[in-house]
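A.B. asks: The structure follows.
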Amino acid sequence: MTTEANKKGLAGVSIGDSRLSLVDGAEGKLLYSGYRIEDLAANAIYEEVVHLLWKQRLPNTQELESLRAEIARMAEVPNAVIGQLMQYPVDANPMAVLRTAVSALALYDPDAEDNSLSANWRKASRLTGQITALTAAWPRIRKGLKPIAPRQDFNIAQNFLYMLTGEEPDSAAADAINAYMVLLTEHGMNASTFSSRVTISTGADMHSAIVSAIGTLKGPAHGGANTEAMKMFMEIGELDRVGDWFRQEIKEKGRRIMGIGHRVYRAVDPRATVLRERAEALARNSDTPKWFDIAEMLANMARQDPYFIERNLYPNVDYYSAIVLYTLKLDVDMFTPLFAMSRIAGWTAHIVEQMSDNRLIRPSVDYVGPMDLPWVALPDRN
Ligand SMILES: CC(C)(COP(=O)(O)OP(=O)(O)OC[C@H]1O[C@@H](n2cnc3c(N)ncnc32)[C@H](O)[C@@H]1OP(=O)(O)O)[C@@H](O)C(=O)NCCC(=O)NCCS
């Protein structure tokens with residue numbers, strides 16, 4: 001039940017049942033179909049989690065290999081779409097590029113308008129591979145480099161790095177990308193997942209629902225926060241500037257710390273705990289350790305500040321993932337497309353779940369405008 005106080009932003013409103021994830025905001029706990037994300041991030045390859053979300057159970061060895069191979073086989077982006085990418089302005093926002101390219105993929109997908117369950121699973125596999133290929137291709141294309149086709153023997157995380165660099169992926173980097181993707185792939189009724197479910201609930205197709213989701217993820221209150229967090233660390237620039245920056249920008253000017261705060265978590269976001277450890281380990285072994293130190297010092301200042309304490313504001317998933325992705329030498333404006341390529345398994349799982357027991361998602365709004373105004377002819381208006 002909603003109250004006047006909390007219905008703004010649909011806070012606390014449930015849209016129904018889901019078997020995909022439990023987000024326990026009070027305890028700071030996240031389960032994917034029953035499994036703790038800490039265990040999955042430490043042990044599973046992304047495709048295992050894809051299988052878990054799509055089929056509601058972990059795969060055996062044969063099922064995992066079959067899914068891995070299927071996604072790798074379907075990851076190739078049609079030449080027509082690669083040709084379009086080459087025409088896009090090189091300074092375009094990468095999320096706008098991804099949104100447009102995924103929309104274009106529908107035009108070349110043999111199952112595009114087929115809403116049967118079997119077609120939707122094929123599209124889910126194809127989109128999972130292709131969105132990874134697009135996210136690797138764009139930073140190359142905009143630098144004038146040729147995109148690289150996926151390798152058939154790699155898993156998604158390895159293939160992403162291979163398609164990005166053209167080199168055999170370093171195992172530590174592939175492991176970090178894999179853990180990032182596992183942690184980001186599903187998160188209850190977040191804004192982008194909600195918009196994908198709204199779109200599919202009208203009977204529209206999977207590509208349309210994913211385009212809705214990508215457009216929603218783009219905003220800085222959602223997936224755009226990882227890029228904004230890194231820009232903020234770079235604006236601070238040096239460890240000895242953190243204190244002054246916090247006082248001037250946050251306390252005096254009232255800016256928000258990007259990557260802090262969450263609609264659901266009133267405790268530490270469990271994904272941030274795992275990513276913090278990863279970020280620290282990667283940063284200590286890199287030539288840019290200062291970014292982790294800056295992030296850590298800023299988080300500590302917030303943790304001790306009454307304003308942040310009273311509002312239960314802690315680092316969320318985007319805060320330390322910015323450091324992880326920067327240390328892996330990804331372009332800062334590509335961080336949000338990486339979020340999208342990780343979330344694709346969750347989005348597609350929710351789309352199929354919505355379709356399995358669909359009712360048009362169509363909430364109401366309370367009209368508060370004027371009533372029964374007299375019609376005024378065009379020449380008589382001021
Ligand atoms: C995520 C976010 C949009 C959640 O929004 P929400 O649930 O609607 O919460 P609100 O925006 O109403 O914020 C609640 C209070 O905390 C404050 N607050 C929230 N996030 C804050 C932040 N990052 N820095 C400073 N203050 C913050 C708000 O100003 C508000 O204060 P008030 O009660 O005095 O008005 C919000 O925390 C935010 O903007 N965070 C930064 C962006 C980000 O990291 N997004 C990724 C989320 S995974």
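A.B. asks: Does V264 count as touching a residue at least 40 places away in the same chain (Cβ under 8 Å), within 27 Å of L184 (Cβ to Cβ) and either out of contact with any Phe, Trp or Tyr (no Cβ under 9 Å at 6 or more places or on another chain) or not hydrophobic (A, V, I, L, M, F, W, C) (or both)?
C.D. replies: So V264 passes the test.
A.B. asks: Additional query: Those residues that are of a type outside the set (A, V, I, L, M, F, W, C), away from the ligand (no atom under 11 Å from the Cβ) and part of a helix (DSSP H, G or I), I need them from region 231-266; list them, please.
C.D. replies: Scanning region 231-266 gives K231, E235, D240, R241, G243, D244, R247, Q248, E252.
A.B. asks: Answer yes or no as to whether D269 is within 15 Å of the ligand (Cβ to nearest atom) and buried (at least 22 other Cβ atoms within 10 Å of the Cβ).
C.D. replies: yes
A.B. asks: Further question: Scan region 293-320 for residues that are crowded, with 18+ Cβ neighbours inside 10 Å and under 21 Å from E27 (Cα atoms) and jot them down.
C.D. replies: A299, A302, F308, L313, Y314, P315, N316, V317, D318, Y319, Y320 - these are the residues of region 293-320 that are crowded, with 18+ Cβ neighbours inside 10 Å and under 21 Å from E27 (Cα atoms).
A.B. asks: Name the one entry in I344, I361 that is in contact (Cβ under 8 Å) with a residue 60 or more places away in the chain and in the same structural domain as A101 (by TED's automatic domain parsing).
C.D. replies: Result of the check over I344, I361: I344.
A.B. asks: Specify which of the listed residues (D293, D318) is within 16 Å of the ligand (Cβ to nearest atom) and not in a loop (DSSP other than H, G, I, E, B).
C.D. replies: D318
A.B. asks: Looking at V365, V376 in this structure, which one is assigned to a loop (DSSP other than H, G, I, E, B), at pLDDT below 95 and not basic (K, R)?
C.D. replies: Only one candidate passes the filter, namely V365.
A.B. asks: Just name the residue that is nearest to R263 (Cα to Cα) out of those in region 8-44 that are of a type in the set (S, T, N, Q) and surrounded by fewer than 17 Cβ atoms within 10 Å (Cβ to Cβ).
C.D. replies: Top of the filtered list is S14.
A.B. asks: Return only the number of the condition from (1) in contact with a helix residue (DSSP H, G or I) (Cβ under 6 Å, 6 or more places away or on another chain); (2) charged (D, E, K, R); (3) over 19 Å from A124 (Cα atoms) that E168 does not satisfy.
C.D. replies: (1)
A.B. asks: Take region 307-325 and flag every residue that is charged (D, E, K, R) and over 16 Å from the mean Cα position of the chain (by Cα).
C.D. replies: E310, R311
A.B. asks: Can you give me the ranges of the helices (runs of 4 or more DSSP H) entirely in region 126-215 with at least 2 residues that are of a type in the set (S, T, Y) and surrounded by 18 or more Cβ atoms within 10 Å (Cβ to Cβ)?
C.D. replies: Ranges flagged: 191-201.
For every residue, the table says whether it meets (1) more than 19 Å from the chain's Cα centre (by Cα); (2) farther than 30 Å from P139 by Cβ.
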{"site": "E47", "(1), (2)": "no, no"}
{"site": "P59", "(1), (2)": "yes, yes"}
{"site": "N79", "(1), (2)": "yes, no"}
{"site": "A96", "(1), (2)": "no, no"}
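The values are calculated or read from the model by the stated rules, or taken from the named source; none is laboratory data. If you're wondering where the values come from, they're calculated on a predicted model, not measured in any experiment. Because the Cβ atoms are built from the backbone with ideal geometry, glycine has one as well, and the counts that use them run over all protein chains shown.
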